[in-house]
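The block underneath contains the structure these notes are about, expressed in structure tokens.
The values are calculated or read from the model by the stated rules, or taken from the named source; none is laboratory data. Every value quoted in this text rests on a predicted model; they were computed, and no experiment measured them. Quick reminder, even Gly has a Cβ in these numbers, built from the backbone with ideal geometry, and neighbours come from all protein chains shown.
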Amino acid sequence: METGNKTFLDRTVSLTTREVIFLLAFVFCLTPLITPPVALLMGFVIAQFVGHPYLHLNHKATHLLLQISVVGLGFGMNVTSAMHAGSQGLWFTIASIAGTLVFGTLLGKLLKIDKKISYLISAGTAICGGSAIAAISPVIKAEEKQISVALGTIFILNSFALFLFPFVGHLLNLTQTQFGLWSAIAIHDTSSVVGAASKYGTTALQVATTVKLARALWIIPLSLLSSVDKKKVKIPLFIGFFIVAMVLNTYIPIVQEYGHYVVDIAKAGLTLTLFLIGCGLNANVLRAVGIRPFVQGVVLWVLIAGAALWSIVSFV
């Protein structure tokens with residue numbers, strides 16, 4: 001009986017310790033001391049050695065927090081500047097999406113990957129990472145295992161991108177505009193795009209956020225093409241709220257005066273989002289990805305990143 005009680009107590013203490021470590025790290029991520037890349041790394045370490053005590057809530061929490069943070073960033077942007085940045089990235093966006101989807105389909109067949117997994121990885125790479133996968137998976141009736149593999153592949157590569165892109169940008173002396181365009185096109189998820197761009201500079205952040213959200217709109221036509229049942233298409237409404245925030249900041253003086261406070265809160269929310277994403281990359285997720293889907297994800301990523309970088313350096 002004592003042994004049973006001791007085991008129960010040990011488990012209770014262990015669970016409490018895990019929760020305390022997680023909550024302390026959670027709060028620490030809200031301070032200016034933690035940058036987005038460090039937050040992601042911290043979350044990844046917790047996932048491997050401590051464990052996420054609220055893992056079942058993680059996907060919904062990151063999804064909601066990211067959307068709120070992106071809307072908040074709109075209060076620091078100007079409509080005229082955003083339209084200019086969006087027009088610069090339009091042709092790169094169209095060419096890269098079409099090319100990635102076509103090449104991804106061919107690569108999936110070559111590697112003999114499950115069709116739905118291959119399609120989700122291609123869509124996530126082409127448009128908006130986890131958001132595209134979340135929108136398209138119910139349309140093609142993907143199973144939970146297939147979705148997990150695709151999301152795992154995308155999130156792992158996002159983790160690398162958050163550290164790699166600013167390093168390469170500085171190495172090649174990319175301008176703020178060039179880096180903003182490149183990160184928006186070549187990094188999968190909005191969270192990592194904004195994280196990398198905010199580390200590079202203010203102008204890079206504005207360009208990257210605008211181009212990435214314009215790119216995210218392509219989820220809608222891709223979802224429609226993926227199924228004749230249009231009722232299942234999920235339209236990312238937070239993009240509309242982002243545009244409203246940007247318009248308010250451009251034309252309403254009082255919003256211009258206090259909008260930077262909202263932007264600061266949004267950046268803290270983004271850092272927290274990346275921490276939670278890192279906490280979700282546990283050993284089970286890493287094992288579930290498998291070598292062939294990961295190879296597809298890497299090859300597609302290298303292709304789109306290389307082609308986008310060459311185009312931007314040559315023409316922008």
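What to note about this one:
- Filter pass, residue 90 being under 26 Å from residue 164 (Cα atoms), modelled with pLDDT under 80, surrounded by fewer than 19 Cβ atoms within 10 Å (Cβ to Cβ) and over 16 Å from the mean Cα position of the chain (by Cα): yes
- Only a single criterion out of (1) closer than 22 Å to residue 62 by Cα; (2) without any contact (Cβ under 8 Å) to a residue 60 or more places away in the chain is not satisfied by residue 265, namely (2).
- In the stretch 107-116 there is no residue matching the filter, namely being touching a Lys or Arg at 6+ places or on another chain (Cβ under 7 Å) and under 25 Å from residue 272 (Cα atoms).
- Selected residue [touching a Gly at 6+ places or on another chain (Cβ under 7 Å), modelled with pLDDT under 90 and not aromatic (Phe, Trp, Tyr)] from 290, 278: 278
- Of the residues making up the stretch 172-222, those that are without any contact (Cβ under 8 Å) to a residue 24 or more places away in the chain and in contact with a helix residue (DSSP H, G or I) (Cβ under 6 Å, 6 or more places away or on another chain) are 193, 197.
- Residue check, residue 102 hydrophobic (A, V, I, L, M, F, W, C) and within 15 Å of the chain's Cα centre (by Cα): no
- Of the residues making up the stretch 36-73, those that are at pLDDT below 85 and either touching a strand residue (DSSP E or B) at 6+ places or on another chain (Cβ under 6 Å) or closer than 16 Å to residue 284 by Cβ (or both) number 1.
- On the stretch given as the stretch 26-74, residues that are free of Cβ contacts under 8 Å to residues at least 40 places away in the same chain, under 16 Å from the mean Cα position of the chain (by Cα) and either closer than 21 Å to residue 135 by Cβ or surrounded by 21 or more Cβ atoms within 10 Å (Cβ to Cβ) (or both) total 2.
- Matching residues, the stretch 252-262, being exposed (fewer than 15 other Cβ atoms within 10 Å of the Cβ) and either touching a residue at least 24 places away in the same chain (Cβ under 8 Å) or at positive phi (or both): 260
- Selected residue [closer than 17 Å to residue 62 by Cβ and more than 11 Å from the chain's Cα centre (by Cα)] from 142, 135: 135
- Of the residues making up the stretch 190-220, just one is closer than 20 Å to residue 62 by Cα and either in contact with a strand residue (DSSP E or B) (Cβ under 8 Å, 6 or more places away or on another chain) or not in a helix (DSSP H, G or I) (or both), namely 217.
- Looking only at residues in the stretch 293-316 that are of a type outside the set (A, V, I, L, M, F, W, C) and in contact with a helix residue (DSSP H, G or I) (Cβ under 9 Å, 6 or more places away or on another chain), the one that is surrounded by the most Cβ atoms within 10 Å (Cβ to Cβ) is 297.
- Evaluation of residue 159 against the conditions (1) farther than 15 Å from residue 193 by Cα; (2) under 19 Å from the mean Cα position of the chain (by Cα) shows that the sole unmet condition is (1).
- Positions within the stretch 113-171 being surrounded by 22 or more Cβ atoms within 10 Å (Cβ to Cβ), assigned to a helix (DSSP H, G or I), in contact (Cβ under 8 Å) with a residue 60 or more places away in the chain and among the β-branched types (Val, Ile, Thr), in sequence order: 117, 121, 125, 136, 149, 153, 154
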